[in-house]
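Values quoted throughout were computed directly from the atomic coordinates according to the rules given, and no laboratory measurement underlies them. Please read these numbers as outputs of a predicted model, since none were measured by experiment.
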Amino acid sequence: MTTHLTTGPTSHAADHTPTAPAPAGVSKLTDPARAQDPAPEPVPEPDPEAVIDQARAGIDALDAEIVRLVRERMALSERVQRTRMANGGRRISLARENAVLRRWRHELGEPGTTLAMTLLELCRGRV
Ligand SMILES: O=C(O)C(=O)C[C@]1(C(=O)O)C=C[C@@H](O)C=C1
């Protein structure tokens, strides 16, 4: 027998095509030429509940990370506001808020504006 580099279902295509059944009495178990072939891996059907559980675990982890980032944003915002007020400025900067709103709208459309307004509500007025 010649040396072949490939393994798997196609390596003996000349002997038995995948669709044609092996001749009677010649199977992977009885044909010495095929005894070394690994059995083709069965492709498991994805379990929908497992897919959903895994995706939800990812969502929960992202939500926790987003909350952490929002809190970090609140702390930075408070620092800006405190520093501005300690130097004779106002707590609110409408020009800056408009720039923030525009950026979120550019990224996410109108719901981005709503999200940014909620963020600003969380961040401003805490000093
Ligand atoms: O960037 C500032 O000047 C801030 O004070 C921070 C911030 C914000 O949370 O984005 C909060 C209040 C201001 O009205 C504008 C923006």
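Data table
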{"read-out": "Taking all pairs of distinct alpha-carbon atoms in region 75-127, Kirkwood radius in angstrom", "value": "11.5 Å"}
{"read-out": "Gain upon complete extension [Asp37, Arg91; 0.36 nm per residue less C-alpha separation]", "value": "12.0 nm"}
